[in-house]
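J.: Got a structure here, written out as structure tokens. Questions coming.
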Amino acid sequence: MPKIIAQTGDDAVAEAMRQINPDVVVAYPITPQTEIVQYFSEFVAQGKVKTEFNCVESEHSAMSACIGASAAGGRVMTATSSQGLAYMWEVVYIAASYRLPIVMPVVNRALSGPINIHCDHSDTMGARDSGWIQIFSENVQESYDNTIQAVRIAEHKGVLLPVMVTLDGFIISHAMERFEMLDDEIVQRFIGEYKSEHSLLNTGHPVTYGPLQLFDYYMEQKRQQHEVMKFVPGVVLEVAKDFEKVSKRKYGLFEEYKMDDADFGIVVLGSTAGTAKTVVDKLRDDGLRVGLLKVRLFRPFPAAEIANSLSHLKAVAVLDRSDTFGGLGGPLFEEVCASLFNYQFPEGLRIPVVNYIYGLGGRDINLDHIKKVYADLSEIVQTGKIKELVQYLGVRE
């Protein structure tokens, strides 16, 4: 029987890893991810898993070792944050190009400088075009559930791509919440046994990893990486459907919260969705028809589905916990705008979309901030004018 327990996000992810019982975990500590691999190392020491656990000298080494173990046919996991992910940059791209189903929880933390250990999404967003699948979590329960589902998604024969499962640093990683943990046997049956069809150790069917590819083949491989991403949303939904059968919890590419009859709404990632839902409920009580769309799958971005979900709104605000420094707004804003631009609206129809950068370096976002966003959207609907396309919430000007 599933059991209800109270744990932090890092604890919950470590428990998910224990239940997955991967062949290899390679790790290097970094705040606020450290507790994940610390707790998992205790499971190794206590004999609760059969995992080969390796502590290496850097995050670059961690991902390099993960690549070797995965290419050899193992089920492989690691975890990181912030500068650790940045230090992996070179080999993160290699893991994806080799089509290796590595699963990596990423505890979101700001990138330096200045040095900051608190949450924003700049680390994950910096790797958004590396070829990894990226799944965002709102709370402890989703962090646990997404980690388990990520194994099935990554190892699906039609996918074979690495997956990042994100959880907001300290807000989720170090906050204790009630969540439901599945039985170990259920998790094991759900993920099944992994058998690599392209192992370096299979001498009967030799394969090559890491060849030199110049202009004669490089572009074809990159096109293959693009094409396989098209299959990912369907696999994510397939895995979510199977997960619902064992957990009674429903997941999709994104979550719509009171969107059906909304006049205007917010698009957001991660833990801020919980804050925004509280504001939606309050404004609904006041008679305003507002809604929320929480993106779960950011890479590949489900553009058509999200555009369809937003298509009936009169105005949209996109909240980004990272900036592009010279781009037109934050990364999520750019994706949403591109999605709506290519949506087949009736002739002449255009939905105004505005962007709010918030929470950089762990800056709080509160109920009043979210209320301001909805108030701005209401004004846009009434006047038909956008005063400022990109704003910063909670910044001291």
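J.: What net charge do the residues around V26 carry, taking every other residue with its C-beta under 12 Å from that of V26, with Lys and Arg at +1 and Asp and Glu at -1?
T.: On the way: positive: none; negative: D23, E52, E57, E59.
Here the charged neighbours net out to -4.
J.: Taking the Cβ of K3 as the center, what net charge do the other residues with Cβ under 10 Å away carry, scoring Lys and Arg +1 and Asp and Glu -1?
T.: On the way: positive: none; negative: E180, D183.
Net charge in that neighbourhood comes out at -2.
J.: Looking at L293, V381, V268, which one has the Cα that reaches farthest to the positive end of the dipole of region 254-392 (charges on Cβ: Lys, Arg +1; Asp, Glu -1)?
T.: My answer, from the dipole projection, is V268.
J.: Treat region 3-247 as a sphere of radius equal to its Kirkwood radius over Cα pairs and apply Stokes-Einstein at 37 °C in a medium of 0.692 mPa s; give the translational diffusion coefficient in µm²/s, rounded to a whole number. Don't skip to the end; give the middle numbers.
T.: On the way: Rh = 18.0 Å.
Value of D from the Cα-based Kirkwood radius: 182 µm²/s.
J.: What does the C-alpha gyration tensor say about the overall shape of region 254-392? Classify as rounded when a/c is under 1.5, otherwise prolate if a/b is larger than b/c, or oblate. It would help to have the intermediate numbers written out before the result.
T.: Numbers: a/c = 1.27, a/b = 1.04, b/c = 1.22.
Rounded, since a/c falls under 1.5.
J.: Per the Kirkwood definition applied to all pairs of different Cα atoms, how many angstroms is the hydrodynamic radius of region 46-175?
T.: About 14.8 Å for region 46-175.
J.: Distance between Cα centroids, region 263-289 to region 326-397: provide it in whole Å.
T.: 14 Å
J.: Explain nothing, just compute: Karplus ³J(HN,Hα) = 6.51 cos²θ - 1.76 cosθ + 1.60, θ = phi - 60°, for every residue of region 214-230 in order, whole Hz, x for Gly and Pro.
T.: After applying 6.51 cos²θ - 1.76 cosθ + 1.60, I find 8, 5, 6, 9, 4, 5, 5, 5, 4, 5, 4, 4, 5, 5, 5, 4, 5 Hz.
J.: Could you check the spin-label model distance between M219 and K258? Points 7 Å from the Cα along Cα→Cβ, value in nm.
T.: It works out to 5.1 nm between the two label points.
J.: Also, I was wondering about something else. Among P302, V76, S97, which residue has its Cα furthest toward the positive end of the charge dipole of the chain, with +1 on Lys/Arg Cβ and -1 on Asp/Glu Cβ?
T.: Positive-most Cα among the choices belongs to P302.
J.: Counting only C-alpha contacts under 8 Å and six or more residues apart, can you give the relative contact order of the chain as a whole percent?
T.: Relative contact order of the chain: 16 percent.
J.: Something else now. Nearest 5 is fine: what % of DSSP beta bridges in region 3-247 come out antiparallel, could you say?
T.: 25 percent
J.: Taking the Cβ of H118 as the centre, find all other residues whose Cβ is under 13 Å away and add up their charges (Lys, Arg: +1; Asp, Glu: -1).
T.: -1
J.: Give a quick list of GluC sites (Glu not before Pro) in region 2-74 that DSSP marks as loop, anything other than H, G, I, E or B, with at most 14 other Cβ atoms within 10 Å.
T.: Within region 2-74, the qualifying GluC sites (Glu not before Pro) (loop, at most 14 other Cβ atoms within 10 Å) are E57.
J.: What is the extension gain from H312 to I4, computed as 0.36 nm multiplied by their sequence separation minus the C-alpha to C-alpha distance, in nm to one decimal?
T.: Residue separation times 0.36 nm, minus the Cα-Cα distance, leaves 107.0 nm.
J.: Please determine, in degrees from 0 to 90 and to the nearest 10, the orientation of helix 367-383 with respect to the longest principal axis defined by the Cα atoms of the chain, where the helix direction is its Cα long axis.
T.: 50 degrees
J.: Turning to a different aspect of this structure: Give a quick list of GluC sites (Glu not before Pro) in region 278-374 that DSSP marks as loop, anything other than H, G, I, E or B, with at most 11 other Cβ atoms within 10 Å.
T.: E347
J.: With point charges of +1 on the Cβ of Lys and Arg and -1 on the Cβ of Asp and Glu, referenced to the Cα centre of region 3-247, which listed residue (A14, V239, G169) lies farthest in the positive direction of the dipole?
T.: So the residue we want is V239.
J.: Further question: At each listed q (0.18, 0.24, 0.25, 0.33 Å⁻¹), what is the log10 of I(q)/I(0) that the Debye formula gives for region 26-73 modelled as equal alpha-carbon point scatterers?
T.: Taking Cα atoms of region 26-73 as identical point scatterers yields -0.58, -0.93, -0.98, -1.14.
J.: Could you run the Debye sum over the Cα atoms of region 125-174, one equal point scatterer each and no solvent, and tell me log10 of I(q)/I(0) at q = 0.18, 0.25 Å⁻¹, two decimals?
T.: Listed by q, the Debye log ratios stand at -0.58, -0.94.
Coordinate-derived values only; no laboratory data. If you're wondering where the values come from, they're calculated on a predicted model, not measured in any experiment. So basically every Cβ, Gly included, is an ideal-geometry build from the backbone, and we count neighbours across all protein chains shown.
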